[in-house]
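> Before we start, here is the structure in question, set down as structure tokens.
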Amino acid sequence: PATHAGNKIVLNIFPNIETGTCQQSVRTFNEKAAGLEDVTVLCVSNDDLETMEGFCAAEGLDNVQVASGAGTSFGEDYGLTLEGIVDGPLAGRTARAVVVLDAEGTVAHAELVDEIANEPDYEAALAAL
């Protein structure tokens with residue numbers, strides 16, 4: 001997006017901010033983003049923006065930004081909607097993934113985490129920066 005032009009972007013994509021693994025990924029990227037210049041960490045899920053902002057405020061996380069895919073086709077457009085889940089808390093949610101874009105917007109790293117309960121490979125994402 002134009003608001004992040006010239007920055008490298010880490011997209012931390014996850015299913016639900018109200019789960020431990022998702023919360024930990026936001027905390028970890030917040031910690032690792034501290035001090036990085038020209039890098040934006042954007043945490044994206046289908047949670048509403050108010051819930052995500054509330055979590056970050058309560059935790060004092062100010063090195064990440066949040067974006068909501070709720071009510072959009074974000075997950076479908078990028079092949080990240082969890083498949084085969086038609087009901088329950090993960091229905092319609094996105095998979096856990098990390099995408100790193102360089103300053104020109106080219107994908108420098110992409111990881112689709114193979115098990116929803118696992119955290120992403122933070123070091124591989126940061127190495128791509």
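The values are calculated or read from the model by the stated rules, or taken from the named source; none is laboratory data. Just so we're clear, the structure is a prediction, and the values are computed from it rather than from any experiment. As a convention, Cβ positions derive from the backbone with ideal geometry for all residues, glycine included, and neighbour counts pool all protein chains shown. Accessible surface is based on the protein model in full, side chains and every heavy atom, while ligands, DNA and RNA are left aside. Shrake-Rupley method; radii C 1.70, N 1.55, O 1.52, S 1.80 Å.
> Looking at this structure, is ALA57 of a type in the set (Gly, Ala, Ser) and surrounded by fewer than 13 Cβ atoms within 10 Å (Cβ to Cβ)?
yes
> Can you tell me which of SER73, SER68 is more than 15 Å from the chain's Cα centre (by Cα) and of a type in the set (S, T, N, Q)?
Residue meeting the stated conditions: SER73.
> Related question: Outside any strand (DSSP E or B), within 15 Å of VAL99 (Cα to Cα) and of a type in the set (Ser, Thr, Tyr) - does that describe any residue in the range 72-83?
Looking through the range 72-83, at least one residue is outside any strand (DSSP E or B), within 15 Å of VAL99 (Cα to Cα) and of a type in the set (Ser, Thr, Tyr).
> Which residue pairs have Cβ atoms closer than 6 Å, lie 6 or more positions apart in sequence or on different chains, and pair a first residue in the range 8-34 that is part of a helix (DSSP H, G or I) with a second residue that is polar (S, T, N, Q)?
Partner pairs satisfying both residue conditions: CYS22/ASN16; SER25/ASN12; PHE29/ASN12; ASN30/ASN63; ALA33/ASN63.
> Then there is this: Only one of these conditions is not met by LEU11: (1) more than 11 Å from GLN65 (Cα to Cα); (2) open to solvent by 30 Å² or more (accessible area, probe 1.4 Å). Which number is it?
Just one mismatch for LEU11, condition (1).
> Output the residue which, of all residues in the range 97-129 that are touching a strand residue (DSSP E or B) at 6+ places or on another chain (Cβ under 9 Å) and part of a loop (DSSP other than H, G, I, E, B), is surrounded by the most Cβ atoms within 10 Å (Cβ to Cβ).
PRO120
> Scan the range 78-87 for residues that are of a type outside the set (A, V, I, L, M, F, W, C) and open to solvent by 50 Å² or more (accessible area, probe 1.4 Å) and jot them down.
TYR78, GLY79, GLU83, GLY84, ASP87 - these are the residues of the range 78-87 that are of a type outside the set (A, V, I, L, M, F, W, C) and open to solvent by 50 Å² or more (accessible area, probe 1.4 Å).
> Here is a list of conditions, (1) at pLDDT below 95; (2) among the small types (Gly, Ala, Ser); (3) touching a strand residue (DSSP E or B) at 6+ places or on another chain (Cβ under 6 Å), and GLY88 meets all of them except one; can you say which number that is?
Every listed condition holds for GLY88 apart from (3).
> Scan the range 105-129 and report the pairs whose first residue is under 21 Å from GLY6 (Cα atoms) and whose second residue is surrounded by 11 or more Cβ atoms within 10 Å (Cβ to Cβ) and basic (Lys, Arg), with Cβ atoms within less than 9 Å and a gap of 6+ or a chain change.
That search, which allows pairs on different chains as well, returns ALA108/LYS8; ALA125/LYS32; LEU126/LYS32; ALA128/LYS8; LEU129/LYS8.
> Quick one: is LEU90 assigned to a loop (DSSP other than H, G, I, E, B) and either touching a Ser or Thr at 6+ places or on another chain (Cβ under 6 Å) or under 19 Å from LEU129 (Cα atoms) (or both)?
no
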